[in-house]
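Everything on this sheet refers to the single structure shown next.
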Amino acid sequence: MPRSHIRLLKSHEDFLACERIQKAVWGAPAASTELLNVTQKYGGVVLGAAVEGRIVGFLYAFLARRHRRLVHWSHMMAVEARYRDLGLGFRMKLAHRRLALKQGLSCICWTYDPLQSRNAFLNIGRLGARANEYAPDCYGPFPSRIEKGLPSDRFVVDWRISSAAVVRRLREGAPPPANLAMPRINTTRFDRRGFLEDRSMALTLSHPQLLVEIPANTDVMRAKAWELARRWRAETRRIFQHYFAAGYQVEDFIPPGRTTDGRCFYVLRRLRGPQPRGRV
Ligand SMILES: CC(C)(COP(=O)(O)OP(=O)(O)OC[C@H]1O[C@@H](n2cnc3c(N)ncnc32)[C@H](O)[C@@H]1OP(=O)(O)O)[C@@H](O)C(=O)NCCC(=O)NCCS
C-alpha cells in the first residue's frame with residue numbers, strides 16, 4: 001500500500017477532487033464544491049483520503065437531528081475503485097469519529113444499500129454500527145452507476161460512537177464468524193449462471209437471533225442478471241421491513257469467507273416485541 005493519510009479537506013482543489021470522485025463513483029456530483037466548503041466551515045466534516053498526496057477518497061457529513069438529538073449525518077463516503085479494500089474507508093470513519101467526539105456528539109448516522117456486502121461488513125461488522133430502520137426507495141430515482149435503476153432502498157444506520165459496544169468492536173475487531181446454524185429467514189441456492197437466488201423466505205419466525213443471507217456480488221448481479229437483482233431488492237425489502245417492525249435489529253454481519261463457503265449473512269437480534277414506528 002503506497003503512503004496514505006486521512007486529513008480534513010479545506011481548499012477549492014480539495015473539494016474539486018471530491019466532485020471528481022463523485023462523478024467516477026456515481027456518475028454525477030451531488031455535493032458541489034460550494035456545499036462541501038460551507039459544510040466544512042459550519043458544523044459538518046469533509047475528510048479526504050490522500051495517497052501519495054492525491055485525494056482518492058472522501059467523506060462528507062453535516063450536522064443533523066435524529067431522535068431529538070444532534071448527530072452528524074454522513075451523507076457520502078467514496079473511495080476510487082482501485083483504492084478500495086485497503087482500509088481507507090475504515091480510517092476515514094475512525095477520523096470522523098474522533099472529530100465528532102471532540103464536537104460533543106455521540107452518534108453518527110448514515111444510510112447504505114443493504115445489498116452491498118462490502119458496505120455491510122465495513123459498517124456493521126468492522127465499525128459496530130446498527131440498523132433497525134428501512135427506507136424504501138430512500139432517494140427516489142437518481143442517476144447512479146451503482147443503483148443501475150433499482151429502487152434506492154437503504155438501511156438507516158446509527159453508529160453510537162461512545163458506546164461500550166462500539167469501543168469494544170473497534171478495539172477487538174470483527175469477531176470470528178457467528179454460528180451459521182442459527183435459524184435462517186431465507187434459504188438460497190445458486191442458479192445456472194452461478195448467481196444466488198432465494199428459494200424461500202419465512203416471515204413468521206420469532207427466535208432471539210436470525211440470519212438473512214444476501215449475495216456477495218451485488219454489482220456483478222446488477223450488471224449481468226438485473227431481473228434477479230431486482231427480485232433481491234423486493235424480497236429483502238419485505239424481510240427487513242417485517243422483522244424491523246417485529247422488534248429486530250441488524251446486529252452483525254458475517255462476511256464471505258472460507259468458513260462460510262463464500263456466502264454472507266446479516267445477523268438480526270430481537271430487542272423487543274412489535275411497536276408502532278415513525279419516531280423522528
Ligand atoms: C464503501 C467504500 C467507501 C468503502 O471503502 P474502502 O476503502 O474500500 O473500505 P475498507 O477497505 O476500509 O473496508 C472494506 C472492507 O470490506 C471487505 N470486503 C471487500 N469485498 C467484500 C464483499 N464482497 N463482501 C463483504 N466484505 C467485503 C474488505 O476486505 C474490507 O474489510 P477488511 O478491512 O477487513 O479487509 C467503497 O467501497 C466505495 O467507495 N463504494 C462505492 C460508494 C459507496 O457505496 N459509498 C457508501 C455509501 S455513501
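The values are calculated or read from the model by the stated rules, or taken from the named source; none is laboratory data. Since this is a predicted model, take the numbers as computed values, not measurements. Glycine also receives a Cβ, built like all others from the backbone with ideal geometry; neighbour counts cover every protein chain displayed.
Numbers for the structure displayed
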quantity: Residue count, the range 96-127 (criterion: under 17 Å from the mean Cα position of the chain (by Cα) and either more than 9 Å from the ligand (Cβ to nearest atom) or closer than 15 Å to PHE155 by Cβ (or both)); calculated: 22
quantity: Residues of the range 182-204 classified as in a loop (DSSP other than H, G, I, E, B), over 23 Å from LYS224 (Cα atoms) and under 25 Å from the mean Cα position of the chain (by Cα), total; calculated: 5
quantity: Residues (within 14 Å of the ligand (Cβ to nearest atom) and either under 16 Å from ARG145 (Cα atoms) or of a type in the set (Asp, Glu) (or both)) located in the range 226-260; calculated: ASP252
quantity: Residue within the range 216-225 that is within 14 Å of the ligand (Cβ to nearest atom) and not in a helix (DSSP H, G or I) present; calculated: yes
quantity: Residue within the range 168-177 that is surrounded by 14 or more Cβ atoms within 10 Å (Cβ to Cβ), within 16 Å of the ligand (Cβ to nearest atom) and part of a helix (DSSP H, G or I) present; calculated: yes
quantity: Boolean, GLY273 is more than 23 Å from the chain's Cα centre (by Cα) and more than 20 Å from VAL157 (Cα to Cα); calculated: yes
quantity: Residue tally, condition touching a Leu at 6+ places or on another chain (Cβ under 8 Å) and surrounded by 14 or more Cβ atoms within 10 Å (Cβ to Cβ), over the range 178-202; calculated: 7
quantity: Those residues of the range 257-271 which are within 12 Å of LEU180 (Cβ to Cβ), in contact (Cβ under 8 Å) with a residue 60 or more places away in the chain and outside any strand (DSSP E or B), in sequence order; calculated: GLY257, THR259, THR260, ARG263
quantity: Filtered residue count, the range 3-23, keeping only those that are surrounded by fewer than 17 Cβ atoms within 10 Å (Cβ to Cβ) and over 13 Å from MET76 (Cβ atoms); calculated: 10
quantity: Complete set of residues in the range 137-159 that are surrounded by fewer than 17 Cβ atoms within 10 Å (Cβ to Cβ) and basic (Lys, Arg); calculated: ARG145, LYS148
quantity: Top-ranked residue of the range 191-202 - restricted to ones that are within 16 Å of the ligand (Cβ to nearest atom) and free of Cβ contacts under 8 Å to residues at least 40 places away in the same chain, ranked as farthest from VAL267 (Cα to Cα); calculated: GLY194
quantity: Per-region count, the range 151-165, residues outside any loop (DSSP other than H, G, I, E, B), touching a Lys or Arg at 6+ places or on another chain (Cβ under 9 Å) and more than 16 Å from the ligand (Cβ to nearest atom); calculated: 2
quantity: Boolean, LEU205 is surrounded by 11 or more Cβ atoms within 10 Å (Cβ to Cβ), in contact (Cβ under 8 Å) with a residue 40 or more places away in the chain and not assigned by TED's automatic domain parsing to the domain that holds LEU94; calculated: no
quantity: Evaluation of HIS5 against (1) of a type outside the set (D, E, K, R); (2) under 21 Å from ASN119 (Cβ atoms); (3) assigned to a strand (DSSP E or B) (one fails), failing number; calculated: (2)
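Per-residue answers, yes or no, for (1) out of contact with any helix residue (DSSP H, G or I) (no Cβ under 7 Å at 6 or more places or on another chain); (2) under 20 Å from ALA165 (Cβ atoms):
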{"site": "ILE214", "(1), (2)": "no, no"}
{"site": "ALA223", "(1), (2)": "yes, no"}
{"site": "TRP226", "(1), (2)": "yes, no"}
{"site": "ARG230", "(1), (2)": "yes, no"}
{"site": "ARG237", "(1), (2)": "yes, no"}
{"site": "GLU251", "(1), (2)": "yes, yes"}
{"site": "ASP261", "(1), (2)": "yes, no"}
{"site": "PHE265", "(1), (2)": "yes, yes"}
{"site": "GLY273", "(1), (2)": "yes, no"}
